[in-house]
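**Student:** One structure follows; several queries about it will come next.
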Amino acid sequence: MPDLVKIEKLRVEYRSRESQNGFKVAVDGLDLTVGSGEVFGFLGPNGAGKTTTMNVLLGFVSPSSGSASLFGVDVREPIARQRIGYLPELTYYYKFLSAEELLRFYGKIFRIPKGELEKRIDSILKLVELEHARKRLIKTYSKGMQQRAGIAQALINNPDLLILDEPTSGLDPIGRMKVREIIQRLKEEGKTVFFSSHELGEVETVCDRVAILYQGKLQVEGRVDDLVKNYKTNLEQIFLKVIGYQSSQAV
């Protein structure tokens with residue numbers, strides 16, 4: 001399958017007063033590819049460089065060196081943004097709008113024809129299980145419902161690539177399960193999903209491949225089944241081993 005996402009020797013530095021040389025390295029020599037139709041889990045503790053990498057792909061942050069491309073086009077060049085759907089970790093929704101009004105708003109930004117837009121809104125609200133609440137104000141939604149509304153807006157343009165930053169953050173077990181089911185349905189539709197998460201159980205269930213980032217460097221990358229087989233343990237334990245975590249409690 002062709003690579004929708006390709007990252008080569010990516011390095012991102014920030015100015016930092018806390019560092020002796022005045023710079024902090026957020027991403028250090030990252031090489032990564034994501035193929036068409038894959039569900040790819042991007043893992044790492046807080047501060048590992050996951051969000052910075054996503055921001056490079058989205059054009060929000062410029063790389064210090066190295067390269068990144070989407071659909072074969074360097075992210076520093078104008079690319080077909082309409083082919084990308086994005087859900088940030090920290091979101092603000094227009095809570096005075098209903099879910100269908102929110103989707104209609106984003107649909108107009110993408111200049112989707114009215115007839116097609118209304119059909120797409122119906123389809124997406126069904127996918128994210130918000131049909132029953134489509135006319136309710138988003139401010140009355142639970143955290144899980146708001147997150148699903150966020151996924152809905154990321155899907156309104158029918159993207160080829162979906163980038164999700166911590167889509168299950170702060171959700172209860174039912175909310176996480178519903179998001180996992182949505183990702184599974186997108187996978188069945190052939191969508192490419194690139195997402196970061198701390199919920200390793202969900203990642204192990206839905207992802208084809210994963211990468212673990214630590215202190216800006218790629219530590220492990222591969223198919224979930226292969227990693228579990230090679231390390232002879234589950235993804236959570238692999239993650240803890242890779243980042244060098246040691247429990248303070250005696251076993």
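The values are calculated or read from the model by the stated rules, or taken from the named source; none is laboratory data. Keep in mind that this is a model prediction, so the values were computed, not measured. Here the Cβ positions follow ideal geometry from the backbone for every residue, glycine too, while neighbour counts run over all protein chains shown. Side chains included, ligands, DNA and RNA excluded: accessible areas come from the protein's heavy atoms. Shrake-Rupley method; radii C 1.70, N 1.55, O 1.52, S 1.80 Å.
**Student:** In segment 123-141, which residue that is open to solvent by 70 Å² or more (accessible area, probe 1.4 Å) and among the basic types (Lys, Arg) is nearest to Leu171 (Cα to Cα)?
**Tutor:** In the first step, residues of segment 123-141 are kept if they are open to solvent by 70 Å² or more (accessible area, probe 1.4 Å); the result is 123, 126, 131-132, 135-136, 139-140.
Still in the list and also among the basic types (Lys, Arg): 126, 135-136, 139.
On the way: Lys126: 20, Lys135: 23, Arg136: 20, Lys139: 16 Å.
Restricting to residues being open to solvent by 70 Å² or more (accessible area, probe 1.4 Å) and among the basic types (Lys, Arg), the top hit is Lys139.
**Student:** What's the total number of residues in segment 38-56 that are open to solvent by less than 30 Å² (accessible area, probe 1.4 Å), under 20 Å from Val220 (Cα atoms) and not in a loop (DSSP other than H, G, I, E, B)?
**Tutor:** Summing the residues that are open to solvent by less than 30 Å² (accessible area, probe 1.4 Å), under 20 Å from Val220 (Cα atoms) and not in a loop (DSSP other than H, G, I, E, B) in segment 38-56 gives 9.
**Student:** Another question, if that's okay. Would you point out which residue out of Lys95, Lys6, Lys24 is open to solvent by 20 Å² or more (accessible area, probe 1.4 Å), over 15 Å from the mean Cα position of the chain (by Cα), among the basic types (Lys, Arg) and within 23 Å of Gln147 (Cα to Cα)?
**Tutor:** Numbers: Lys6 fails: within 23 Å of Gln147 (Cα to Cα); Lys24 fails: within 23 Å of Gln147 (Cα to Cα).
Sole residue among the options that is open to solvent by 20 Å² or more (accessible area, probe 1.4 Å), over 15 Å from the mean Cα position of the chain (by Cα), among the basic types (Lys, Arg) and within 23 Å of Gln147 (Cα to Cα): Lys95.
**Student:** Do you know which of the residues in segment 108-117 that are over 13 Å from Leu155 (Cβ atoms) and either of a type in the set (Lys, Arg) or in contact with a helix residue (DSSP H, G or I) (Cβ under 8 Å, 6 or more places away or on another chain) (or both) is least open to solvent (accessible area, probe 1.4 Å)?
**Tutor:** Taking segment 108-117 first, the residues over 13 Å from Leu155 (Cβ atoms) are 108-109, 111, 113-116.
Filter once more, keeping what is either of a type in the set (Lys, Arg) or in contact with a helix residue (DSSP H, G or I) (Cβ under 8 Å, 6 or more places away or on another chain) (or both): 108, 111, 114.
Working: Lys108: 140, Arg111: 207, Lys114: 161 Å².
Within segment 108-117, the match that is least open to solvent (accessible area, probe 1.4 Å) is Lys108.
**Student:** Let me ask something else about it. Can you name the residue in segment 213-231 that is of a type in the set (A, V, I, L, M) and either assigned to a strand (DSSP E or B) or in contact with a Pro (Cβ under 6 Å, 6 or more places away or on another chain) (or both) and, of all such residues, is least open to solvent (accessible area, probe 1.4 Å)?
**Tutor:** Checked segment 213-231; the qualifying residue least open to solvent (accessible area, probe 1.4 Å) is Leu213.
**Student:** Take the conditions of a type in the set (Asp, Glu), open to solvent by 60 Å² or more (accessible area, probe 1.4 Å) and touching a residue at least 40 places away in the same chain (Cβ under 8 Å) and apply them to Glu89. Does it pass? Outline the logic, then answer.
**Tutor:** Values: of a type in the set (Asp, Glu): yes; open to solvent by 60 Å² or more (accessible area, probe 1.4 Å): yes; touching a residue at least 40 places away in the same chain (Cβ under 8 Å): yes.
Yes.
**Student:** Report yes if some residue within segment 184-195 is under 25 Å from Gly47 (Cα atoms), touching a Cys at 6+ places or on another chain (Cβ under 9 Å) and crowded, with 20+ Cβ neighbours inside 10 Å; otherwise report no.
**Tutor:** Scanning segment 184-195, I find at least one residue that is under 25 Å from Gly47 (Cα atoms), touching a Cys at 6+ places or on another chain (Cβ under 9 Å) and crowded, with 20+ Cβ neighbours inside 10 Å, so the answer is yes.
**Student:** In this structure, does Pro167 turn out to be in a loop (DSSP other than H, G, I, E, B) and either open to solvent by 10 Å² or more (accessible area, probe 1.4 Å) or within 18 Å of Ile109 (Cα to Cα) (or both)? Spell out how you get there, then give the answer.
**Tutor:** Working: in a loop (DSSP other than H, G, I, E, B): yes; either open to solvent by 10 Å² or more (accessible area, probe 1.4 Å) or within 18 Å of Ile109 (Cα to Cα) (or both): no.
Here the answer is no, as Pro167 does not meet what is asked.
**Student:** Anything in segment 196-206 that is assigned to a loop (DSSP other than H, G, I, E, B) and surrounded by fewer than 23 Cβ atoms within 10 Å (Cβ to Cβ)? List them, or say none. I'd like the intermediate steps shown before the answer.
**Tutor:** Initial filter on segment 196-206 (assigned to a loop (DSSP other than H, G, I, E, B)): 197-199.
His198, Glu199, listed by residue number.
**Student:** Give me the residue from segment 9-21 that is assigned to a strand (DSSP E or B) and not charged (D, E, K, R) and, out of that set, surrounded by the fewest Cβ atoms within 10 Å (Cβ to Cβ). Working first, answer last.
**Tutor:** Going through segment 9-21, the residues assigned to a strand (DSSP E or B) turn out to be 9-15.
Restricting the remaining residues to those that are not charged (D, E, K, R) gives 10, 12, 14.
Details: Leu10: 24, Val12: 23, Tyr14: 13.
Result: Tyr14.
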